[in-house]
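Every number here is computed from the coordinates shown, using simple stated rules; none is lab data. Note that the coordinates shown come from a computational prediction; the quantities given were computed from them, not determined experimentally. Here the Cβ positions follow ideal geometry from the backbone for every residue, glycine too, while neighbour counts run over all protein chains shown.
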Amino acid sequence: MIADLTGKNALITGAASGLGKGIAKVLAQQGALIIVADIDGEEAKRAANEFRNLGYQAISVQMDVTSIDSVDKAVSKAMNQIGHIDKLVNNAGVIGAPGWHERLEVTEEDWDFTFNVNVKGIVHVTDRIQDDMINGAHGSIVNIASVAGKMGNPDRPNYNASKAAAISYTKSSALKLSKFNINVNCICPGNIWTPMWDKISMRQFNFGSEIFSEFSDIKNNRELFQRVTELSTPLKRDQSADDIGYAAAFLLSDAAKNITGQSINVDGGRVMG
Ligand SMILES: NC(=O)c1ccc[n+]([C@@H]2O[C@H](COP(=O)([O-])OP(=O)(O)OC[C@H]3O[C@@H](n4cnc5c(N)ncnc54)[C@H](O)[C@@H]3O)[C@@H](O)[C@H]2O)c1
C-alpha cells in the first residue's frame, strides 16, 4: 500500500479513460471510495462498474468541468449518495478543440477550449467542492498539470500555457485554502500512452513534423511515441497511469499533510525543477 485512504471519498475528473482512470484505480486500491466523474457519462458508468467488479468502492457521475451548472449537479448527486467528498483530483484535460489533431495550426477555438477545460475546469470543481472540505475541516486536492507547463512548445502553445496556468492556480489555491487545513498540490506527468497521446503522436506521424523526419524508419505512431519519449527522458522510459496514481495517493494522504502549493514532476527526469 502506498498510502492509507481508507474511509476517504475521492472524486476524480476525466476518470472514464486514460490517466484519470488509472489514478482512480490506484486510489481505490488504497481504500478510497472513488467517484468517477467524466463528460462521457456512459464511459464513466462503465469504468465504475469495472472497478466494482474488481471489489473496489466506486460510483460515477456525468460532469462537464467547463459548466458550473453541470459541476454543481454532479457534485450534489455524488454527495446525496455518499455524504461528503474529502479528496479531489482535477485530471480532466484536453489538447485543443475537437479535431485539433487533424490540423497543424492552433486556432482561436483551440485556445478557448483548452483554457476552459484545463484551467477554468479546475476552478469550477475546486470552488464547488471546497465548501464541503472546509465544513469537514480537512481536505486534499491534486491538480494534474504537465511538464509541458514548465516548457515552451511552438507546436501547441495553447496546451503548454494552460498547464502553466494550472501550476500557478495550484499555488493560489493552496494559499487560499491553507487556513482551512486543505492542501493543494499539482502533479506534472511526462509521457503516458493514453488516448490523448495516441492522437498527439498520430498528428506528428501524419504531418511528418520535424521530430518525425529524423526517424524515417518508424512504422507507426505508437513507435514514434516510444522513440521520442526514450530520447527525451533521462530514465529512458515512458511513465504509466499507475506512476501518476502513486504520486496522487501520497499527496492525498496524511503522509503529505505538510506539503502544499508544490508541483511534482513524474516524468523520468525530463524536467528538473
Ligand atoms: N497522457 C500524458 O502523457 C499526459 C502527460 C501530461 C499531462 N497529462 C494530463 O493528464 C490528464 C489526462 O490526460 P489523458 O492522457 O488521460 O487524456 P485522455 O484524453 O486520454 O482522457 C481525458 C479524459 O477527460 C475527459 N474529459 C475531457 N473533457 C472533459 C470535460 N469538459 N469534463 C469532464 N471530463 C472531460 C475525457 O472524456 C477523458 O475521459 C490531462 O489533464 C492531461 O493534460 C497527460
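For helix 241-252, what angle does its Cα long axis make with the longest principal axis of the chain, in degrees from 0 to 90 and rounded to 10?
40 degrees
Using only the alpha carbons of region 193-238, determine the length spanned along each of the three principal axes and report them from longest to shortest in whole angstroms.
Taking the Cα atoms of region 193-238, the three principal extents are 28, 24, 15 Å.
Give, rounded to the nearest 20 debye, the magnitude of the charge dipole that region 193-238 has about its Cα centre when Lys and Arg contribute +1 at Cβ and Asp and Glu contribute -1 at Cβ.
Details: 7 positive and 7 negative charges, 30 e Å.
My answer is approximately 140 debye.
Divide by every residue of the chain the summed helix terms, -39500 (n - 2.57) for each DSSP H run of at least 4, and state the resulting mean residue ellipticity at 222 nm, rounded to the nearest 500 deg cm²/dmol.
On the way: 10 runs with 126 residues, N = 273.
-14500 deg cm²/dmol, from helical runs alone.
Quick check: Cα centre of region 7-43 to Cα centre of region 232-273, how many Å?
Taking the Cα centre of region 232-273 as reference, the centre of region 7-43 is 18 Å away.
What angle, in degrees between 0 and 90 and rounded to the nearest 10, separates the Cα long axis of helix 18-29 from the longest principal axis of the Cα atoms of the chain?
40 degrees
How are the Cα pair distances of region 210-273 distributed, in percent, across 10 Å bins from 0?
Bins of 10 Å from zero give 18, 37, 26, 13, 5 percent of pairs.
Over region 193-238, what relative contact order in percent results from Cα pairs under 8 Å that are six or more residues apart? Spell out each step's value before the answer.
On the way: 28 pairs, mean separation 16.1, N = 46.
Computed over region 193-238, the figure is 35 percent.
Near LYS87, which lysines are there with a Cα under 25 Å away, not counting those fewer than 8 places off in the same chain?
LYS8, LYS21, LYS25, LYS45, LYS73, LYS77, LYS120, LYS163, LYS171, LYS176, LYS179, LYS257
Could you tell me which of PHE180, ASN80, ASN91 has its Cα farthest along the dipole of the chain towards the positive end, charges placed at Cβ (Lys, Arg +1; Asp, Glu -1), taken about the Cα centre?
PHE180
Within a 10 angstrom radius of the beta carbon, how do ARG46, ARG270 rank from fewest other beta carbons to most?
Numbers: ARG46 15, ARG270 18.
Placing the least packed residue first, the sequence is ARG46, ARG270.
Could you give P(r) for region 1-147, binned at 10 Å from zero, as whole percent values over all Cα-Cα pairs?
The percentages, shortest bin first, are 12, 43, 32, 10, 2.
What ranking do 241-252, 26-37, 168-179, 1-12 get when scored by the average of other Cβ atoms within 10 Å per residue, highest first? Kindly include the intermediate steps, with their values, before the conclusion.
Details: 241-252: 23.4, 26-37: 25.7, 168-179: 16.8, 1-12: 19.8.
Ranking, from highest mean packing down: 26-37, 241-252, 1-12, 168-179.
Quick one: angle between helix 157-177 and the longest Cα principal axis of the chain, in degrees between 0 and 90, rounded to 10, please.
Between the helix axis and the principal axis of the chain, the angle is about 20 degrees.
Tell me the Kirkwood radius of the chain: reciprocal of the mean inverse pair distance over distinct alpha-carbon atoms, in Å. Mind dumping the intermediate values first?
Values: mean 1/r = 0.0533 Å⁻¹.
It is 18.7 Å.
With charges only on Cβ, +1 for K and R and -1 for D and E, what is the dipole size of the chain about its Cα centre, in debye, rounded to 20?
Values: 27 positive and 31 negative charges, 138 e Å.
Its charge dipole is roughly 660 debye.
Which Cα, out of SER70, ILE23, ASN153, lies furthest along the positive dipole direction of region 1-155 (beta carbon charges, K/R +1, D/E -1)?
Farthest along the dipole direction, towards plus: ILE23.
For a protection proxy built on the mean count of beta-carbon atoms within 10 angstrom, sort 150-161, 122-133 highest first, please. Please list the in-between numbers first.
Working: 150-161: 16.4, 122-133: 20.6.
Per-residue mean Cβ counts within 10 Å order the peptides as 122-133, 150-161.
Convex hull over the Cα atoms of region 8-56, averaged projected area in nm²?
Numbers: hull surface 10.9 nm².
Result: a mean projected hull area of 2.7 nm².
Roughly what percent of Cα-Cα pairs across region 124-269 reach past 19 Å? Don't skip to the answer; put the middle values down first.
On the way: 6160 of 10585 pairs.
The share of Cα pairs beyond 19 Å in region 124-269 comes to 58 percent.
Quickly rank 102-111, 135-144 as a protection proxy: mean count of other C-beta atoms within 10 Å, highest first. Intermediate values should be presented prior to the final figure.
Details: 102-111: 13.5, 135-144: 21.1.
My ranking of the peptides, most packed first, is 135-144, 102-111.
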